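The values are calculated or read from the model by the stated rules, or taken from the named source; none is laboratory data. Being a predicted model, the structure only gives us computed values, none of them experimental. Every residue, glycine as well, gets a Cβ built from its backbone with ideal geometry; the counts of neighbours run over all protein chains shown. Ligands, DNA and RNA are excluded from the accessible area calculation, which covers all protein heavy atoms including side chains. Shrake-Rupley method; radii C 1.70, N 1.55, O 1.52, S 1.80 Å.
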Amino acid sequence: MVYHAKTDIILTIIIFLLFWLFGAISLLSFTSLSTVIIMSTAFIVSVVFIWWYVNSIKFVFCENYLLVKGGPFKSKITYQSITRVSPTTDKYTGYLISSSDKGLEIFYKTAAHGSIKILPEDKMKFILELKKRCPNAQFRKIKNLSN
């Protein structure tokens, strides 16, 4: 079962407009054609990479683990290692560019991380599915499950 991330489209548009504005301003200061070509290429590759990352964030319920994927980055969290799921009020953090403070934080046992912050489009269905697969995890009361 696949759940996509809820993206804050206004914030994403603002970030890309700022990227293009700063990119255009920085290109105006170069006089060499080869420098402009190299800088333009690097800039376009960066913008495409960020756009790919933002638009490809998804949460996949596999047989033995939850796969959180965004662009080339991914995290596999086994259901047995998930200890707690709670609401988070942290803004601008986690696996997506979002200004929302209605996300979820999944705590799990591992040496590297410990928790991951996500914002699925349909939190209620996501939590119900996670409860089925993680019966031993604690689910903190989430006051507002609406997006």
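Summary table below
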| read-out | value |
| --- | --- |
| Positive-end residue of L104, G70, L21, charge dipole of the chain with Cβ unit charges | L104 |
| Extension gain, S29 back to F73 (0.36 nm per residue minus Cα-Cα distance, nm) | 12.4 nm |
| Residue-normalised accessible area of the chain, given per residue in Å² at a 1.4 Å probe | 62 Å² |
| Leading residue at positive end of dipole, segment 1-93 (Cβ point charges), from V36, P87, H4 | P87 |
| Relative compactness, the chain, computed as alpha-carbon Rg over 2.2 N^0.38 Å | 1.28 |
| Of the DSSP H helices in the chain, those whose Cα atoms cover at least 18 Å axially and whose Kyte score averages -0.5 or more | 9-28, 33-55 |
| Protection proxy ranking of 67-78, 128-139, 34-45 - average other beta-carbon atoms within 10 Å, highest first | 67-78, 128-139, 34-45 |
| When each of K76/K117; K6/K117; K117/K141; K102/K132 is checked by Cα-Cα distance, pairs over 19 Å | K102/K132 |
| Point-to-point label distance, S86-F19, nm (Cα→Cβ direction, 7 Å offset) | 3.4 nm |
| Within the accessible area of segment 1-46 (1.4 Å probe), percent carbon and sulfur | 82 percent |
| Candidate aspartates and glutamates - alpha carbon under 17 Å from K58, same-chain residues fewer than 8 apart omitted | D8, E105, E121, D122, E129 |
